[in-house]
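This report concerns only the one structure given below.
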Amino acid sequence: MTEHLWWQTGIVYQIYPRSFMDSNGDGTGDLQGIISRLDYLHWLGVNAIWLSPIFPSPMADFGYDVADYVDIAPIFGTLADFDQLLHAAHERGLKIMLDLVPNHSSDEHPWFVESRSSRNNAKRDWYIWRDPGPAGGPPNNWQSFFGGDAWTFDPATGQYYLHLFDTKQPDLNWRNPAVRDAIYAAMRFWLDRGVDGFRVDVIWLLIKDEQYRDNPMNPAWKPGDPPHSRQEQVYMADLPEVHDIVREMRSLLDQYHERVLIGEIYLPVPRLMLYYGTNRDEAHLPFNFQLILLPWDAQVVREAVDTYEAALPTGAWPNWVLGNHDQPRIASRVGLDQARVAQMMLLTLRGTPTCYYGDEIGMQNVPIPLELIHDPQGKDDPAHSRDPERTPMQWDASANAGFTSGQPWLPVADNYTTVNVVAQREDATSMLALFRHLIELRHTMPALSIGAHQSVDSRNDHVFAYVREHAPQRVLIVLNFSADKQDLDLSSTSVTGRLLCTTYMDSDDTLNLGYLTLRPNEGMIIAI
């Protein structure tokens with residue numbers, strides 16, 4: 001295992017800072033709150049903390065509209081608080097990764113204030129400005145991911161500016177070398193401070209078509225799909241030149257010791273693989289979101305895993321994600337019972353797993369009344385609000401789940417009195433107990449952390465089975481994706497096996513693999 005780096009053998013835990021822990025009673029989580037919970041994360045066994053944006057921001061998109069790339073938003077604390085967090089985390093062997101948002105800034109960033117002040121301003125070309133189209137409207141048909149046109153008219157200068165997200169999030173012009181230099185300087189600021197890496201927001205969108213051609217319409221679009229998906233984003237996403245930027249970012253990180261570059265990329269697997277780089281010189285980990293996006297079906301998932309493994313460039317390291325701040329929680333997508341199976345899969349597949357805060361206790365989406373919706377995407381279309389998966393962490397059965405002594409910024413789940421960390425730490429069969437046991441197995445068994453992967457033909461459409469192997473260890477993982485018991489003959493892998501873990505958190509040491517029965521919603525890890 002000494003040949004592998006921390007970001008290969010470790011487990012990434014995403015924190016949405018507004019919702020993790022509030023230290024001062026203002027209803028919003030903060031850095032001191034995170035510091036107060038580091039011992040919990042160390043006990044849990046995760047290795048790296050990825051923080052969603054904590055930079056100064058008007059919070060139009062809750063930190064993804066950055067007004068200063070080299071400071072901390074007062075609502076979260078100060079630079080001194082961040083340094084304290086970094087030191088305290090490192091003392092516990094925990095890494096800290098920041099969320100870098102380079103595609104767009106806030107419209108209140110001084111760069112954009114200057115840019116919109118005059119067509120002749122030195123920073124005009126730091127953003128993407130265009131004259132009106134021939135009919136007098138937007139320059140082209142591009143749509144915002146938050147709905148509506150991706151262009152907003154600025155009467156003072158008579159041009160439109162591009163924003164692929166909220167109108168208050170103007171896109172930076174990454175074809176301008178000065179923009180690149182400014183963002184790279186910000187990255188150095190945090191790397192010099194000791195940050196262990198970056199998750200780069202929408203990295204595949206950084207370069208746009210120089211001719212600003214109209215996107216073609218998407219013939220597969222259907223009612224209920226997000227409005228922006230009416231178009232195929234041919235001219236505003238995944239352009240070849242973006243790989244030059246990713247290589248530059250990687251080159252910068254390579255000047256530091258064992259720093260990691262993770263790219264947020266929603267693309268099909270063949271295109272995703274290109275972000276490793278032709279010489280593995282781009283992102284260390286282009287985020288792999290298949291487990292979030294695919295139907296929850298054993299054979300669909302098996303095929304996806306096998307296809308992904310086969311597509312990986314030589315020497316590239318895989319990764320898997322079950323949930324994040326933009327997607328419904330896994331326990332809401334597949335149910336609480338299958339969420340246990342999902343966590344077993346996440347923590348036993350080959351590659352780096354990324355976990356979302358609260359998933360370790362089975363937190364679910366929380367219905368948010370219309371009048372309490374904060375998400376700009378949800379204000380335009382409540383059905384696509386991301387607030388339900390961003391609600392406060394459920395620590396204990398006290399008021400507001402122990403998250404805050406004030407009024408929480410989003411409602412706490414109704415089930416917090418029973419679904420919380422304290423209650424589950426006392427229950428040997430809880431989701432938390434399972435989650436921690438899975439992490440412990442992963443850390444202590446090279447077969448699970450760095451071993452090879454091979455899918456096994458279970459001859460059962462409801463079961464996904466695979467072997468992880470690192471000599472002399474061989475481990476069989478068998479996952480029942482159904483709510484019915486399943487009988488299997490897996491004697492082709494071994495005659496017998498020793499049970500290491502089951503999602504039911506009980507024991508049956510020796511198993512006959514020729515006559516193996518999986519209970520409903522059961523996953524097993526078996527030494528063979």
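The values are calculated or read from the model by the stated rules, or taken from the named source; none is laboratory data. Please read these numbers as outputs of a predicted model, since none were measured by experiment. Virtual Cβ from ideal backbone geometry, glycine too; neighbours counted across all protein chains shown.
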Out of curiosity, is Tyr69 surrounded by fewer than 23 Cβ atoms within 10 Å (Cβ to Cβ), part of a loop (DSSP other than H, G, I, E, B) and not small (Gly, Ala, Ser)? yes
Can you name every residue in segment 15-45 that is within 19 Å of Leu86 (Cβ to Cβ) and touching a His at 6+ places or on another chain (Cβ under 7 Å)? Tyr16
Check every one of the strands (runs of 3 or more DSSP E) wholly within segment 427-515 and list those with 3 or more residues that are not acidic (Asp, Glu). 452-456, 463-470, 473-480, 496-502, 510-512
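This table checks each residue for (1) assigned to a loop (DSSP other than H, G, I, E, B); (2) within 17 Å of the chain's Cα centre (by Cα); (3) within 25 Å of Tyr184 (Cβ to Cβ); (4) not assigned by TED's automatic domain parsing to the domain that holds Leu349.
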site	(1), (2), (3), (4)
Val246	no, no, yes, no
Glu282	yes, no, yes, no
Asn288	yes, yes, no, no
Val301	no, no, no, no
Thr314	yes, no, no, no
Quick one: would you say Leu86 is within 14 Å of Arg193 (Cβ to Cβ) and aliphatic (A, V, I, L, M)? yes
In segment 20-36, the residues that are in contact (Cβ under 8 Å) with a residue 40 or more places away in the chain, part of a loop (DSSP other than H, G, I, E, B) and buried (at least 17 other Cβ atoms within 10 Å of the Cβ): Phe20, Met21, Asp22, Gly27, Thr28, Gly29, Asp30
Would you mind finding the one in Leu441, Leu432 that is under 22 Å from the mean Cα position of the chain (by Cα), aliphatic (A, V, I, L, M) and at pLDDT 95 or above? Leu432
I'm trying to understand the selection: among the residues of segment 316-331, which are part of a helix (DSSP H, G or I) and farther than 22 Å from Arg468 by Cβ? Ala331
Filter segment 294-303 down to residues that are surrounded by fewer than 18 Cβ atoms within 10 Å (Cβ to Cβ) and in contact (Cβ under 8 Å) with a residue 12 or more places away in the chain and give me whichever is nearest to Arg390 (Cα to Cα). Trp296
For the subset of segment 38-85 comprising residues that are over 18 Å from the mean Cα position of the chain (by Cα) and among the hydroxyl-bearing types (Ser, Thr, Tyr), which member is nearest to Ile439 (Cα to Cα)? Tyr40
Here are some residues: Val463, Val419, Val467. Which one is surrounded by 14 or more Cβ atoms within 10 Å (Cβ to Cβ), over 24 Å from Ser507 (Cβ atoms) and hydrophobic (A, V, I, L, M, F, W, C)? Val419
Only one of Ile54, Ile96 is buried (at least 17 other Cβ atoms within 10 Å of the Cβ) and either closer than 28 Å to Glu440 by Cβ or touching a Leu at 6+ places or on another chain (Cβ under 6 Å) (or both), namely Ile96
Determine, yes or no, whether Ser251 is part of a helix (DSSP H, G or I), among the small types (Gly, Ala, Ser) and either at pLDDT 95 or above or assigned by TED's automatic domain parsing to the domain that holds Asn140 (or both). yes
What number of residues within segment 367-412 are assigned to a helix (DSSP H, G or I) and within 18 Å of Ala60 (Cβ to Cβ)? 9
Leading residue by the ranking (surrounded by the fewest Cβ atoms within 10 Å (Cβ to Cβ)) among those in segment 422-444 that are closer than 15 Å to Val46 by Cα and of a type in the set (A, V, I, L, M): Ala433
Can you tell me how many residues within segment 358-380 are without any contact (Cβ under 8 Å) to a residue 12 or more places away in the chain and either of a type in the set (Gly, Ala, Ser) or closer than 20 Å to Met21 by Cβ (or both)? 1
